[in-house]
1. Mind checking which residues of the stretch B:128-157 are touching a residue at least 40 places away in the same chain (Cβ under 8 Å) and out of contact with any strand residue (DSSP E or B) (no Cβ under 8 Å at 6 or more places or on another chain)?
2. Tell me which residues, restricted to the stretch B:141-155, are under 26 Å from A:Leu135 (Cα atoms), outside any strand (DSSP E or B), open to solvent by less than 60 Å² (accessible area, probe 1.4 Å) and more than 10 Å from chain A (Cβ to nearest Cβ).
3. Look at the stretch A:58-77 and say how many of its residues are part of a helix (DSSP H, G or I) and in contact with a Lys or Arg (Cβ under 7 Å, 6 or more places away or on another chain).
4. In this structure, is A:Leu159 in a helix (DSSP H, G or I), away from chain B (no Cβ under 11 Å) and either in contact with a Pro (Cβ under 9 Å, 6 or more places away or on another chain) or at positive phi (or both)?
5. Among what's in the stretch B:112-140 and is charged (D, E, K, R) and within 7 Å of another protein chain (Cβ to nearest Cβ), pick the residue that is nearest to A:Leu111 (Cα to Cα).
6. Which one of A:Thr98, A:Thr94 is within 26 Å of A:Tyr163 (Cα to Cα) and among the polar types (S, T, N, Q)?
7. For the stretch B:65-88, indicate whether the set of residues that are open to solvent by 20 Å² or more (accessible area, probe 1.4 Å) and under 20 Å from A:Pro139 (Cβ atoms) is non-empty.
8. Given the conditions (1) out of contact with any strand residue (DSSP E or B) (no Cβ under 9 Å at 6 or more places or on another chain); (2) in contact (Cβ under 8 Å) with a residue 24 or more places away in the chain; (3) not in a loop (DSSP other than H, G, I, E, B), report the number of the one that A:Gln165 does not fulfil.
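The values are calculated or read from the model by the stated rules, or taken from the named source; none is laboratory data. Quick caveat: nothing in here was measured; it's all calculated off a predicted structure. As a convention, Cβ positions derive from the backbone with ideal geometry for all residues, glycine included, and neighbour counts pool all protein chains shown. Quick note on the areas: whole protein, heavy atoms, side chains included, nothing else; ligands and nucleic acids left out. Shrake-Rupley method; radii C 1.70, N 1.55, O 1.52, S 1.80 Å.
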Number of protein chains: 2
Amino acid sequence: MKSEPPPPCPFEPMRPSELVRDDAYFMQHAFNQALKAWAENEVPIGAVIVHEGVIIGRGYNRVEGLNDPTAHAETLAITAATQTVGDWRLTGTTLYVTKEPCPMCSGAILLSRVDRVVHALADPKMGCLGGAASLHELPRINHRIAVTVGVLEAECKALIQSYFQLKRADG
Amino acid sequence: MKSEPPPPCPFEPMRPSELVRDDAYFMQHAFNQALKAWAENEVPIGAVIVHEGVIIGRGYNRVEGLNDPTAHAETLAITAATQTVGDWRLTGTTLYVTKEPCPMCSGAILLSRVDRVVHALADPKMGCLGGAASLHELPRINHRIAVTVGVLEAECKALIQSYFQLKRADG
(Lines give C-alpha, C1' and ligand atoms only; values in the text may rest on other atoms or scores of the structure.)
Protein backbone atom coordinates (compact mmCIF):
# COMPACT_ATOMS: atom_id res chain seq x y z
CA MET A 1 0.00 0.00 0.00
CA LYS A 2 2.66 2.48 1.09
CA SER A 3 4.86 1.95 -1.95
CA GLU A 4 2.04 2.51 -4.47
CA PRO A 5 2.28 5.84 -6.27
CA PRO A 6 -0.56 8.22 -5.41
CA PRO A 7 -3.18 9.03 -8.03
CA PRO A 8 -2.17 12.14 -10.01
CA CYS A 9 -3.26 15.22 -8.07
CA PRO A 10 -5.35 17.70 -10.09
CA PHE A 11 -5.01 20.44 -7.45
CA GLU A 12 -2.39 23.19 -7.40
CA PRO A 13 -0.97 24.55 -4.14
CA MET A 14 -2.83 27.66 -3.01
CA ARG A 15 -0.95 30.97 -2.85
CA PRO A 16 -2.23 32.69 0.29
CA SER A 17 -2.10 36.49 0.00
CA GLU A 18 0.04 37.97 2.74
CA LEU A 19 -2.12 41.09 2.76
CA VAL A 20 -4.98 39.67 4.84
CA ARG A 21 -4.16 37.04 7.45
CA ASP A 22 -7.70 35.91 8.07
CA ASP A 23 -9.17 32.44 8.59
CA ALA A 24 -9.14 31.75 4.84
CA TYR A 25 -5.42 32.63 4.69
CA PHE A 26 -4.50 30.07 7.34
CA MET A 27 -6.87 27.45 5.92
CA GLN A 28 -5.05 27.83 2.59
CA HIS A 29 -1.88 26.85 4.42
CA ALA A 30 -3.70 23.84 5.91
CA PHE A 31 -4.88 22.92 2.39
CA ASN A 32 -1.29 23.00 1.18
CA GLN A 33 -0.33 20.64 4.02
CA ALA A 34 -3.10 18.31 2.80
CA LEU A 35 -1.50 18.29 -0.65
CA LYS A 36 1.67 16.91 0.96
CA ALA A 37 -0.38 14.01 2.32
CA TRP A 38 -1.79 13.35 -1.18
CA ALA A 39 1.75 13.33 -2.61
CA GLU A 40 2.58 10.54 -0.14
CA ASN A 41 -0.59 8.60 -1.01
CA GLU A 42 -2.31 9.42 2.27
CA VAL A 43 -5.88 10.71 2.72
CA PRO A 44 -5.33 14.45 2.10
CA ILE A 45 -5.92 16.22 5.39
CA GLY A 46 -3.74 19.08 6.63
CA ALA A 47 -3.52 21.32 9.68
CA VAL A 48 -1.68 24.39 10.94
CA ILE A 49 -1.59 25.99 14.40
CA VAL A 50 -1.36 29.76 14.70
CA HIS A 51 -0.29 32.00 17.56
CA GLU A 52 -0.61 35.77 17.19
CA GLY A 53 -0.67 35.56 13.41
CA VAL A 54 2.32 33.21 13.11
CA ILE A 55 2.18 29.52 12.16
CA ILE A 56 3.93 27.59 14.96
CA GLY A 57 3.06 24.02 13.92
CA ARG A 58 2.14 22.15 10.74
CA GLY A 59 0.99 18.59 10.10
CA TYR A 60 -0.53 16.31 7.50
CA ASN A 61 -1.93 12.82 7.64
CA ARG A 62 0.89 10.25 7.77
CA VAL A 63 -0.85 7.11 9.09
CA GLU A 64 0.37 4.81 6.31
CA GLY A 65 3.85 6.29 5.98
CA LEU A 66 4.62 6.17 9.69
CA ASN A 67 2.56 3.00 10.24
CA ASP A 68 0.96 4.82 13.13
CA PRO A 69 -2.81 5.27 13.56
CA THR A 70 -2.19 8.31 15.78
CA ALA A 71 -0.27 10.20 13.05
CA HIS A 72 -3.13 12.48 12.01
CA ALA A 73 -2.61 16.02 10.72
CA GLU A 74 -3.89 17.55 13.97
CA THR A 75 -1.84 15.46 16.42
CA LEU A 76 1.34 16.02 14.39
CA ALA A 77 0.63 19.78 14.24
CA ILE A 78 0.00 19.86 18.00
CA THR A 79 3.23 18.02 18.77
CA ALA A 80 5.14 20.32 16.39
CA ALA A 81 3.63 23.45 17.99
CA THR A 82 4.42 22.28 21.53
CA GLN A 83 8.02 21.71 20.50
CA THR A 84 8.12 25.24 18.99
CA VAL A 85 6.87 26.92 22.16
CA GLY A 86 8.52 24.52 24.64
CA ASP A 87 5.29 23.95 26.54
CA TRP A 88 2.53 21.38 26.14
CA ARG A 89 -0.07 24.09 26.74
CA LEU A 90 -1.06 25.83 23.52
CA THR A 91 -3.15 28.53 25.18
CA GLY A 92 -3.91 31.45 22.85
CA THR A 93 -3.63 29.43 19.64
CA THR A 94 -6.01 28.55 16.81
CA LEU A 95 -5.88 25.24 14.96
CA TYR A 96 -6.94 25.16 11.28
CA VAL A 97 -7.74 21.80 9.73
CA THR A 98 -9.28 20.79 6.41
CA LYS A 99 -11.84 18.39 7.96
CA GLU A 100 -13.62 18.18 11.32
CA PRO A 101 -11.37 16.43 13.87
CA CYS A 102 -12.00 12.76 14.72
CA PRO A 103 -12.51 11.56 18.34
CA MET A 104 -8.76 11.24 18.96
CA CYS A 105 -7.86 14.62 17.51
CA SER A 106 -10.77 16.39 19.23
CA GLY A 107 -9.48 14.98 22.50
CA ALA A 108 -5.90 16.00 21.73
CA ILE A 109 -7.11 19.54 20.97
CA LEU A 110 -8.90 19.72 24.33
CA LEU A 111 -5.84 18.42 26.18
CA SER A 112 -3.49 20.86 24.46
CA ARG A 113 -5.67 23.81 25.47
CA VAL A 114 -5.94 25.24 21.98
CA ASP A 115 -8.38 28.19 22.23
CA ARG A 116 -10.12 27.88 18.89
CA VAL A 117 -10.60 25.40 16.07
CA VAL A 118 -11.46 26.34 12.49
CA HIS A 119 -12.34 23.45 10.22
CA ALA A 120 -13.47 23.37 6.60
CA LEU A 121 -15.86 20.47 6.55
CA ALA A 122 -18.14 18.80 9.09
CA ASP A 123 -17.90 15.02 9.43
CA PRO A 124 -21.26 13.57 10.54
CA LYS A 125 -19.72 10.09 10.82
CA MET A 126 -16.67 10.63 13.04
CA GLY A 127 -16.41 14.37 13.75
CA CYS A 128 -16.32 15.13 17.47
CA LEU A 129 -16.59 18.90 17.51
CA GLY A 130 -20.27 18.98 16.63
CA GLY A 131 -20.58 16.50 13.72
CA ALA A 132 -21.14 13.05 15.28
CA ALA A 133 -20.50 14.10 18.89
CA SER A 134 -19.53 17.24 20.81
CA LEU A 135 -16.60 16.38 23.05
CA HIS A 136 -15.96 20.09 23.66
CA GLU A 137 -19.34 20.26 25.38
CA LEU A 138 -18.82 17.43 27.90
CA PRO A 139 -20.22 18.95 31.10
CA ARG A 140 -17.19 18.35 33.32
CA ILE A 141 -14.42 19.11 30.87
CA ASN A 142 -11.93 21.66 32.19
CA HIS A 143 -11.22 23.58 28.99
CA ARG A 144 -13.53 25.37 26.54
CA ILE A 145 -12.83 25.91 22.87
CA ALA A 146 -14.54 28.00 20.19
CA VAL A 147 -15.34 26.23 16.91
CA THR A 148 -15.79 27.80 13.46
CA VAL A 149 -16.98 25.61 10.57
CA GLY A 150 -17.00 25.95 6.78
CA VAL A 151 -13.92 28.00 5.89
CA LEU A 152 -12.80 26.93 2.37
CA GLU A 153 -15.35 24.14 2.55
CA ALA A 154 -15.82 23.59 -1.20
CA GLU A 155 -12.08 23.34 -1.87
CA CYS A 156 -11.29 20.99 1.03
CA LYS A 157 -14.29 18.79 0.23
CA ALA A 158 -13.29 18.54 -3.44
CA LEU A 159 -9.76 17.58 -2.42
CA ILE A 160 -10.81 14.67 -0.19
CA GLN A 161 -13.55 13.45 -2.53
CA SER A 162 -11.24 13.56 -5.56
CA TYR A 163 -8.60 11.54 -3.72
CA PHE A 164 -11.04 8.72 -2.94
CA GLN A 165 -12.58 8.82 -6.43
CA LEU A 166 -9.20 8.63 -8.15
CA LYS A 167 -8.00 5.88 -5.77
CA ARG A 168 -11.06 3.79 -6.61
CA ALA A 169 -10.59 4.42 -10.34
CA ASP A 170 -6.95 3.33 -9.94
CA GLY A 171 -7.72 0.09 -8.18
CA MET B 1 7.83 21.66 37.13
CA LYS B 2 9.67 19.00 35.16
CA SER B 3 12.86 19.25 37.16
CA GLU B 4 11.15 18.90 40.55
CA PRO B 5 11.74 15.53 42.18
CA PRO B 6 8.61 13.38 42.48
CA PRO B 7 7.06 12.78 45.89
CA PRO B 8 8.45 9.56 47.42
CA CYS B 9 6.48 6.60 46.05
CA PRO B 10 5.07 4.27 48.72
CA PHE B 11 4.21 1.55 46.17
CA GLU B 12 6.39 -1.40 45.23
CA PRO B 13 6.43 -2.81 41.70
CA MET B 14 4.05 -5.75 41.38
CA ARG B 15 5.44 -9.21 40.60
CA PRO B 16 2.98 -10.77 38.16
CA SER B 17 2.89 -14.55 38.45
CA GLU B 18 3.77 -16.16 35.13
CA LEU B 19 1.50 -19.10 35.95
CA VAL B 20 -1.79 -17.40 35.03
CA ARG B 21 -1.74 -14.83 32.26
CA ASP B 22 -5.19 -13.39 32.93
CA ASP B 23 -6.46 -9.81 32.92
CA ALA B 24 -5.00 -9.18 36.40
CA TYR B 25 -1.58 -10.37 35.21
CA PHE B 26 -1.46 -7.85 32.36
CA MET B 27 -2.93 -5.07 34.52
CA GLN B 28 -0.07 -5.64 36.96
CA HIS B 29 2.29 -4.92 34.09
CA ALA B 30 0.31 -1.75 33.32
CA PHE B 31 0.56 -0.79 37.00
CA ASN B 32 4.33 -1.17 36.84
CA GLN B 33 4.39 1.13 33.81
CA ALA B 34 2.46 3.67 35.90
CA LEU B 35 5.20 3.51 38.54
CA LYS B 36 7.67 4.65 35.87
CA ALA B 37 5.52 7.73 35.31
CA TRP B 38 5.54 8.45 39.06
CA ALA B 39 9.35 8.15 39.12
CA GLU B 40 9.44 10.91 36.46
CA ASN B 41 6.97 13.08 38.38
CA GLU B 42 4.11 12.45 35.97
CA VAL B 43 0.54 11.49 36.86
CA PRO B 44 0.97 7.71 37.29
CA ILE B 45 -0.92 6.05 34.46
CA GLY B 46 0.42 3.04 32.57
CA ALA B 47 -0.66 0.81 29.69
CA VAL B 48 0.34 -2.37 27.88
CA ILE B 49 -0.96 -3.92 24.66
CA VAL B 50 -1.18 -7.69 24.36
CA HIS B 51 -1.38 -9.97 21.34
CA GLU B 52 -1.86 -13.71 21.87
CA GLY B 53 -0.55 -13.54 25.41
CA VAL B 54 2.52 -11.46 24.58
CA ILE B 55 3.05 -7.79 25.46
CA ILE B 56 3.82 -5.97 22.18
CA GLY B 57 3.70 -2.36 23.40
CA ARG B 58 4.15 -0.47 26.67
CA GLY B 59 3.60 3.15 27.62
CA TYR B 60 3.33 5.53 30.56
CA ASN B 61 2.25 9.12 30.88
CA ARG B 62 5.04 11.45 29.70
CA VAL B 63 3.20 14.74 29.05
CA GLU B 64 5.53 16.88 31.16
CA GLY B 65 8.76 15.12 30.22
CA LEU B 66 8.15 15.24 26.48
CA ASN B 67 6.31 18.58 26.68
CA ASP B 68 3.62 16.93 24.59
CA PRO B 69 -0.07 16.82 25.55
CA THR B 70 -0.55 13.77 23.31
CA ALA B 71 2.06 11.67 25.20
CA HIS B 72 -0.41 9.63 27.23
CA ALA B 73 0.23 6.02 28.30
CA GLU B 74 -2.24 4.66 25.76
CA THR B 75 -1.06 6.62 22.70
CA LEU B 76 2.58 5.77 23.45
CA ALA B 77 1.68 2.08 23.91
CA ILE B 78 -0.27 2.12 20.63
CA THR B 79 2.60 3.69 18.72
CA ALA B 80 5.03 1.20 20.29
CA ALA B 81 2.81 -1.77 19.39
CA THR B 82 2.36 -0.63 15.79
CA GLN B 83 6.13 -0.37 15.45
CA THR B 84 6.45 -3.91 16.88
CA VAL B 85 4.02 -5.43 14.39
CA GLY B 86 4.86 -3.14 11.45
CA ASP B 87 1.23 -2.28 10.83
CA TRP B 88 -0.97 0.52 12.17
CA ARG B 89 -3.83 -1.97 12.56
CA LEU B 90 -3.77 -3.67 15.97
CA THR B 91 -6.53 -6.17 15.22
CA GLY B 92 -6.63 -9.04 17.70
CA THR B 93 -5.03 -7.11 20.56
CA THR B 94 -6.15 -6.06 24.05
CA LEU B 95 -5.10 -2.80 25.69
CA TYR B 96 -4.74 -2.69 29.49
CA VAL B 97 -4.65 0.71 31.17
CA THR B 98 -4.79 1.79 34.80
CA LYS B 99 -7.53 4.42 34.24
CA GLU B 100 -10.37 4.82 31.76
CA PRO B 101 -9.06 6.40 28.54
CA CYS B 102 -9.64 10.13 27.93
CA PRO B 103 -11.32 11.42 24.72
CA MET B 104 -8.05 11.45 22.78
CA CYS B 105 -6.98 7.97 23.84
CA SER B 106 -10.43 6.48 23.32
CA GLY B 107 -10.30 7.83 19.79
CA ALA B 108 -6.78 6.50 19.23
CA ILE B 109 -7.93 3.07 20.42
CA LEU B 110 -10.82 3.08 17.95
CA LEU B 111 -8.54 4.16 15.10
CA SER B 112 -5.93 1.52 15.89
CA ARG B 113 -8.57 -1.26 15.77
CA VAL B 114 -7.68 -2.70 19.15
CA ASP B 115 -10.28 -5.42 19.85
CA ARG B 116 -10.67 -5.03 23.58
CA VAL B 117 -9.89 -2.54 26.35
CA VAL B 118 -9.47 -3.47 30.02
CA HIS B 119 -9.22 -0.54 32.41
CA ALA B 120 -8.97 -0.43 36.18
CA LEU B 121 -10.92 2.65 37.06
CA ALA B 122 -13.82 4.53 35.48
CA ASP B 123 -13.41 8.30 35.01
CA PRO B 124 -16.81 10.04 35.18
CA LYS B 125 -15.18 13.38 34.31
CA MET B 126 -13.20 12.63 31.13
CA GLY B 127 -13.51 8.89 30.43
CA CYS B 128 -14.85 8.19 26.95
CA LEU B 129 -15.44 4.43 27.06
CA GLY B 130 -18.54 4.67 29.23
CA GLY B 131 -17.56 7.12 32.01
CA ALA B 132 -18.36 10.61 30.71
CA ALA B 133 -19.16 9.56 27.12
CA SER B 134 -19.21 6.39 25.03
CA LEU B 135 -17.25 7.03 21.88
CA HIS B 136 -17.16 3.33 21.13
CA GLU B 137 -20.94 3.45 20.73
CA LEU B 138 -21.11 6.25 18.16
CA PRO B 139 -23.70 4.90 15.71
CA ARG B 140 -21.64 5.29 12.54
CA ILE B 141 -18.25 4.25 13.85
CA ASN B 142 -16.62 1.53 11.75
CA HIS B 143 -14.97 -0.51 14.51
CA ARG B 144 -16.40 -2.12 17.65
CA ILE B 145 -14.46 -2.78 20.83
CA ALA B 146 -15.26 -4.75 23.97
CA VAL B 147 -14.67 -2.98 27.30
CA THR B 148 -13.96 -4.55 30.70
CA VAL B 149 -13.85 -2.31 33.79
CA GLY B 150 -12.53 -2.70 37.33
CA VAL B 151 -9.50 -5.02 37.08
CA LEU B 152 -7.11 -4.10 39.94
CA GLU B 153 -9.33 -1.10 40.66
CA ALA B 154 -8.35 -0.58 44.31
CA GLU B 155 -4.61 -0.66 43.57
CA CYS B 156 -4.74 1.65 40.56
CA LYS B 157 -7.05 4.10 42.34
CA ALA B 158 -4.78 4.19 45.39
CA LEU B 159 -1.79 4.88 43.15
CA ILE B 160 -3.32 7.89 41.41
CA GLN B 161 -4.92 9.31 44.56
CA SER B 162 -1.70 8.96 46.56
CA TYR B 163 0.26 10.78 43.87
CA PHE B 164 -2.05 13.79 43.97
CA GLN B 165 -2.25 13.79 47.77
CA LEU B 166 1.52 13.68 48.15
CA LYS B 167 2.02 16.34 45.47
CA ARG B 168 -0.35 18.66 47.32
CA ALA B 169 1.37 17.94 50.64
CA ASP B 170 4.67 18.76 48.92
CA GLY B 171 3.60 22.07 47.43
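1. The answer is B:Leu152, B:Glu155, B:Cys156.
2. B:His143, B:Ile145, B:Gly150
3. Of the residues in the stretch A:58-77, 4 are part of a helix (DSSP H, G or I) and in contact with a Lys or Arg (Cβ under 7 Å, 6 or more places away or on another chain).
4. When the stated conditions are applied, A:Leu159 passes them.
5. Applying the filter and picking the extreme gives B:Lys125.
6. When all the criteria are applied, what remains is A:Thr98.
7. Among the residues of the stretch B:65-88, not one is open to solvent by 20 Å² or more (accessible area, probe 1.4 Å) and under 20 Å from A:Pro139 (Cβ atoms), which makes the answer no.
8. Unmet for A:Gln165, out of (1) out of contact with any strand residue (DSSP E or B) (no Cβ under 9 Å at 6 or more places or on another chain); (2) in contact (Cβ under 8 Å) with a residue 24 or more places away in the chain; (3) not in a loop (DSSP other than H, G, I, E, B): (2).
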